[in-house]
Each structure stands twice: as structure tokens, then as C-alpha cells.
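First comes the structure, then the notes that go with it.
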């Protein structure tokens, strides 16, 4: 993932706060015009909106794998969880480190690099493969604002 | 600044009932439009789940409220979570945060657990916050 421009907007923070059921007035500056509007701790996840290649958003003019006339717009057979991220990948863990408070008015950019990779024996005999992705969100001066570490897990088929 | 000591506990009801509409709201706000979270027909007929279910990040976002209600959004230095079990429409979620070590510089370590109406843990998290 590479996000070249992620503007932190008060209206976006308001919609995000509503979605997570957060009534903290600090997040509603777009309505009231009050003060500096802080971003909720998990807000940088919404950078997906600014990632041109993000696979879990319908692309204009392209088929989508959700339901329309049929239960999926994707050829049947290989569908499963994980959607456009490919295969049976699941989000296992998410970690954030905040280097300074993030507020409306900041403009971030982000780059993602692979991190560690490890295996664990699953309870049903298959192998679980864990892999990390580390995303650095920086401001316009290049200063680090948030580091995000995503751990995904892939289930490998039980032999036989 | 909020002053706390080891063992202090805060409990917060995150929602009396997770609704499908809330999953749609979170899809729209976050940009994660995976139909597993909003499209009942896809989730059941194609993916084989009993219904749509919540984004792990929605549960993590809701759980964050127990931290920010207590210490404020700008006191949070780190927040990490493990997605333990799926959250379904109809679930009632409660988050419990417990203060562990409070360091000399005022940084407190928290452990947080979010459970559903059956008492099952759905998300387990840690955070560090600036206090005092």
C-alpha cells in the first residue's frame, strides 16, 4: 500500500466517530466549529479511502465481488473470506504507536513494508502463517506521526 | 491529565446491540467495503457465514472509547489489539480496561478486554497512555 495524500478532515472524523459509536464532543468540531479536532486512535485505518489500489472498494466500471443479480459478481469456486486481499487471509492483530497527536488539518502520506513472518501449528493440525505489514504515516514535513503494524494470518490446508 | 494507580478498572458498555446498519456506517467511514460486513447474501451464500459480521477494526475502534473516555484522545501513546472472535449483529459488547504498571514518567500501561453477551472475549488489547 502506498498512500500519497491522506488529508485528515473534520467531517471524515465526525463520520468515523459516529460509526464507532463515539459521542465525544471533541470529534464533532465539523458541526460546532469548535477547536482542534483530534482523530480517534484507529482513524488512520480510513486511509484506505485514499489508497487508489485498495482492493476492498468497488472500482468504477469494474465488476465487484459482492452481490447484485447473483450472490457474487466474481466467478464462483474460489470465493471465500478475505475478499480482494486474496485467499483465506484474516486480520489477526493491529497495533498503533502514536508519535504525536493526529488532528484535522494534518496531511499524511503512508508507505507500507513487510515485517516479520512466523509459523504456528494450528489446533486442527494445519499450519498458520503469520505475516506483518508495517505502515509509517508521516506529515508534510516528513515527521513520523503514526506507525501501524498489521498482523495477518493465512491458514494452510491440512495435509491429506 | 488523569491520575491513576495500578489495579484501577473502568468498564464501558460499547453497544447494547450491534446492528447491520452500524457495519454499513463503518464500511463507509473506514473505506473497507468488504461485502462480508454489509452484504448478507454474499456473506451467507458465497462465504458460508451465518450472517454478515463486524470488521475487526470496528470492534477495535469501539473498544478504543474506554481509553479515550478515560484519558482523552491525545493521551494515547500506543494501542494494539488481537482479534479473538467474530462479532455478530445483535451482540452486546462491554470493554473493561485495567491499569497495570504506572511508570515514574506517568505513562500507564492498560490491558483491555472486550466481551460479548455470553462472556466470551472478542478482542484483547493493550495500550499505553500519558497520565499525571
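Values as computed for the structure displayed
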{"quantity": "Test for residue A:142: is it over 21 Å from residue B:85 (Cβ atoms), surrounded by fewer than 17 Cβ atoms within 10 Å (Cβ to Cβ) and at pLDDT below 95", "calculated": "no"}
{"quantity": "Residue within the range A:23-32 that is out of contact with any helix residue (DSSP H, G or I) (no Cβ under 6 Å at 6 or more places or on another chain), in a loop (DSSP other than H, G, I, E, B) and within 8 Å of another protein chain (Cβ to nearest Cβ) present", "calculated": "yes"}
{"quantity": "Test: residue in the range B:97-110 that is closer than 15 Å to residue A:93 by Cα and free of Cβ contacts under 8 Å to residues at least 60 places away in the same chain", "calculated": "no"}
{"quantity": "Residue among B:31, B:61 that is on the phi > 0 side of the Ramachandran plot, at pLDDT 95 or above and at the interface with chain A (Cβ under 7 Å from one of its Cβ atoms)", "calculated": "B:31"}
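The values are calculated or read from the model by the stated rules, or taken from the named source; none is laboratory data. Please read these numbers as outputs of a predicted model, since none were measured by experiment. With ideal geometry, Cβ positions are generated from the backbone for all residues, glycine too; neighbour counts draw on all protein chains shown.
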